[in-house]
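Let me begin by presenting the structure, written as structure tokens, before commenting on it.
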Amino acid sequence: MGAEWRVVEEFDLSSLTKCTYKTEGTTRRLAGSEVPAAEDLLMCGFLDEVNDSYDRVTCKSGKPLKVMSNREFYPVSTTDDPVIERFAVEDKGNVFATDAILAHLMSAARSVYPWDIVVQKLPDGKIFFDKRDDSQFDFLTVSETSNDPPKKDDINDDEAQPGKENINTPERLSLEATTINQNFSQQILKPKSSSTRMNMAHPNPFFDDEDSEGMEPSSTAFRYRKFDMDSIQLVCRTELHGVVRKRGTEQYCTTFALNEWDSKQSGGIDWRAKIDSQRGAVLATELKNNSCKLAKWTALSLLSGAEVMKLGYVSRVNKGSAFEHTILGCQSVKPSEFAKQLFLDENNLFGVIKYLVEIFQKQPPGTFSIVRDPNKAVCRVYSVPAGTFDVESDDDDEQ
């Protein structure tokens, strides 16, 4: 960090668990608590129908995980989103973010690994929560909250065999889990057809036919929503991944995949031995080892207004290879009910966002960074020089 970085706020992560959302404005009731009312501003993209046969997959009838190499995903940040830019110009809100950033902040109290979020406050008071272009923000963590999390160097230099790489470092596990999650989200959908695909009113704002030859966008509906929090008018881009059709009803769905990498190193529960008869024990272990990740997924589902959340269980075919996987099971949960299992209170989740926004409402216009300390459960908010996070273009590099 440069000498010009100045701390404007510091707080313990544990203090976020005490945040509450209180308002005089429009709210809706949820299990005795109040949460801000959501208004849909725009729906873009499309959703394919979820194939419910995956809910009947067992260990014995496991399905190989396919590599969906022709699908494109769009983890576009707040200030790069043309729709959010338009909403900001039209004064649709005064705080702007993506669901991924909001869910990350909502779950921050459970985080163990360091992270940072960029915040920009404009002269007109509008606030944008953003991410660095070169960050690892969009990669999933693995066993982050385990009592014995993956280590950076499990193989010592003296023990390492020539040409053999350690596939169980946090970085490699993160890449593997992220790839699994994307492939799973597309594999459990029915083949596209006019009868199964639900097209939104507007096309995917990030897909470009000319720049995406041979590729197609993933099944994603971008649901832009506005949350009324009195002085905070929060505009957020959320994501839905599929549609569930049962008995004439249609329900929006989010999909996520948990992955087993090595049972001996990740809680001692062998999925192939337990997942059919003791699914609860497998999930309980995941709730302990991946508390932060599961909290984020639940927050994402709540923000998007999804009625169903699909959880897949994906395991390596061979624990020594990170490239072949099998789907061993899949289950459907209601986000609001699953939140209770995780001890998540939606009132608290929005309380965290309200607390953080109010920090920046008191600051002058400028660029800020929220940084989670790598060594202790503390966050600091820094005021940083303008242009600190600008990425140089290729043209600049060549000069």
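One table, with the values for the structure above:
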{"quantity": "Against the rule of thumb 2.2 N^0.38 Å, how large the Cα Rg of the stretch 176-327 comes out", "calculated": "1.21"}
{"quantity": "Value at 222 nm in deg cm²/dmol, rounded to 500, when DSSP H runs of n ≥ 4 in the chain each add -39,500 (n - 2.57)", "calculated": "-6500 deg cm²/dmol"}
{"quantity": "Computed over the stretch 304-382, Kirkwood Rh from alpha-carbon pairs, angstrom", "calculated": "16.9"}
{"quantity": "Theoretical FRET efficiency, 1/(1+(r/R0)^6), r = Cβ-Cβ of GLU210 and LYS66, R0 30 Å, to 0.05", "calculated": "0.65"}
{"quantity": "Spatial extent of the chain: Rg and Dmax, with the Cα atoms as the point set, Å", "calculated": "21.3, 65"}
{"quantity": "The chain - share of DSSP beta bridges that are antiparallel (%, nearest 5)", "calculated": "75"}
{"quantity": "Rg(Cα)/(2.2 N^0.38 Å) for the stretch 86-216, N = residue count", "calculated": "1.45"}
{"quantity": "DSSP-assigned coil residues among GluC sites (Glu not before Pro) in the stretch 40-149, each with at most 13 further Cβ atoms within 10 Å", "calculated": "GLU90"}
{"quantity": "Choice from GLU286, GLU210, GLU346 with maximal GNM fluctuation in the chain (Cα, 10 Å cutoff)", "calculated": "GLU210"}
{"quantity": "Given the chain, longest segment not containing exposed loop trypsin sites (Lys or Arg not before Pro) (DSSP; at most 14 other Cβ within 10 Å)", "calculated": "265-361"}
{"quantity": "Whole-number accessible area per residue in Å² for the stretch 108-245, which is evaluated in the context of all protein chains at 1.4 Å", "calculated": "49"}
{"quantity": "Fraction of accessible area attributable to carbon and sulfur, the stretch 45-86 (%, probe 1.4 Å)", "calculated": "50"}
{"quantity": "ASP148 versus VAL89: modelled label distance in nm, points set 7 Å from Cα along the beta carbon direction", "calculated": "5.6"}
{"quantity": "Rg ratio (alpha-carbon, reference 2.2 N^0.38 Å) - the stretch 45-149", "calculated": "1.45"}
{"quantity": "Where labels lie 7 Å past Cα in the beta-carbon direction, separation of ASN166 and GLU358 in nm", "calculated": "4.4"}
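The values are calculated or read from the model by the stated rules, or taken from the named source; none is laboratory data. None of the values given here were measured: they were computed from a predicted structure. No Cβ is skipped: glycine too gets one built from the backbone with ideal geometry, and neighbour counts run over all protein chains shown. The area values use the complete protein model at the heavy-atom level, side chains included, leaving out ligands, DNA and RNA. Shrake-Rupley method; radii C 1.70, N 1.55, O 1.52, S 1.80 Å.
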